[in-house]
């Protein structure tokens, strides 16, 4: 059959099971868009390409399958880059297809020409520049395979406009490649690791996003319960373990629990599963778990020993590792160690009698009022850390945050993408007045779609997490962190055609909040909070996790 | 093992060398010399990369092997 480049792309998307794509058309990808017209593939028109990239991330994060975003050449492609870099840092399978100027214009500084391939190289798992239409079917097949296989990540396919228009005779569109088989964890390594765990008196589990990517939440629970090992999580590991489980220690690291960081300091063995010893988790690496042996299990061989030397390591999918490990782990009574951790929780994680207008209490209130099993997305800032510390996430792909890149503007479009991928759930998007403005145009996309996305803005009139650093570490020299004017977000929401509600934290109308959270359709709730709250406890940058600043030390 | 010099076998196509250059640049590894020659009837290329300082304090070979274009990478014997 004879197909154009655009037809090859669209047919390849169908072969890969893609039924929704998101993006913005422009000159260099119009042939592709024209082919989408009667393809049966739903197109979500974002209002900014970065929004499109994050909507694709939301779909991929919720479904676990590759999602697709489209952009034209030049600014369309450069606008996508932040979302692509974010996907790389958080291992999200996104396939970005960008239009490029036609071959005769390459290198001439043509209108909307930019070296998308070159710009993308260090922020993708792989990038393709299609220079021959004959390569296109194989490239499309490979792009999805690379994005989804092993440790997932973003793949960019840059397609020149003339290649989109050219035709070629091909037999068929290639079938999707099977994902490479996961190598079974070696029995010898598993036995060594199990032996180390069996001998340990004070072991802890440090679970990361790899557990969620593997779908290994249940395997983690079974292992932790059998071996009686307490579980802490990284930011990306939130929702791997039941928030109310007696073995759960919560978040570790810069804004983790003091009890968790203290327990890690006292541990004699750390079992790191699907995590990468990120600096926000370890603090000063030299002081991280100084007395502990380290076991590191990760699907990516490059992560082993990258930041922290491990005593025992294994390159393995988290689920395969845990399922093999549980067979060799002894049922242990570690009641002494667990009692010690509970004691640390009582000492350090005092359940302050917080007033109802405290951000943590507002988040608890929202979690109580929202539909059970709601999905949560956040932006980046103080609200992100408050949510991470407080919200009782249901287990498994229910919490989406920009963990690695820390991209403000992430929340709203990712929430839209998550809602597209799972229309049975309500998606709560917690944001701040700084973050929401970085992709607020996607409220228009949300209005188009009418999805159950509830945007909750904790509005403190400033870039709170930066102001907090200025207060604590930069001699209170506040600059460029306070907004001079107050933005009326509820009116903005109304302008986009979305119900907007404005509240003061001290006078929250519970009935109104509950109806906003539960009634079908999108809604924006702006809650004005005091600008004086800091996120505590906190590890000062460069310090060891044990040296946390706490609220009573500073207020 | 000479951790100043890496040998990389990669698929040969437009962009492979740029991808490798980007890899070293992002990791702040100064490349003193990179020489590449076609191999396997032109389908592959064999690159020798001499770094000004040890390629990394950690082993960067697994990172190179993560790249789709790279078939094999190792430190020079």
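A few remarks follow.
- On the principal axes of its alpha carbon atoms, the range A:187-348 extends 41, 32, 28 Å, with the longest extent given first.
- Prolate is the label for the range B:4-76, because the ratio a/c of its alpha-carbon gyration tensor axes (a ≥ b ≥ c) is 1.5 or higher and a/b is greater than b/c.
- Nitroxide proxy distance, nm - points 7 Å out along Cα→Cβ at residue A:518 and residue A:165: 5.7 nm
- The relative contact order of chain A, computed from alpha carbon pairs under 8 Å that lie at least 6 residues apart in sequence, is 14 percent.
- The range A:2-169 - percent relative contact order, Cα under 8 Å, separation 6 or more: 29 percent
- Cα shape, chain A, gyration tensor, a/c 1.5 rule: oblate
- Placing a pseudo-label 7 Å from each Cα along the Cα-to-Cβ vector at residue A:309 and residue B:53 gives an inter-label distance of 1.9 nm.
- Take each residue of peptide A:295-303, count the partner chain Cβ atoms within 10 Å of its Cβ, and average: the result is 2.
- Least to most buried among A:4, A:98 (fewest other Cβ within 10 Å first): A:4, A:98
- Look at A:337, A:386 and count the other Cβ atoms within 10 Å of each Cβ; fewest to most, that gives A:337, A:386.
- Measuring between their Cα centroids, the range A:374-436 and the range A:60-115 lie 23 Å from each other.
- Inter-site label distance for residue B:39 and residue A:550 at 7 Å from Cα along Cβ, in nm: 5.9 nm
- Pairwise centroid distance, computed over Cα atoms, of the range A:212-264 with the range A:500-524, Å: 32 Å
- Rounded to the nearest 10 degrees, the inclination of helix A:136-148 to the longest alpha-carbon principal axis of chain A is 10 degrees.
- The coefficient of translational diffusion for the range A:2-169, derived via Stokes-Einstein from the alpha carbon Kirkwood radius under 37 °C and 0.692 mPa s, stands at 216 µm²/s.
Coordinate-derived values only; no laboratory data. Just so it is clear, the structure is predicted and the values come from calculations on it, not from any experiment. Ideal geometry is used to build each Cβ from the backbone, glycine not excepted, and the neighbour counts take in all protein chains shown.
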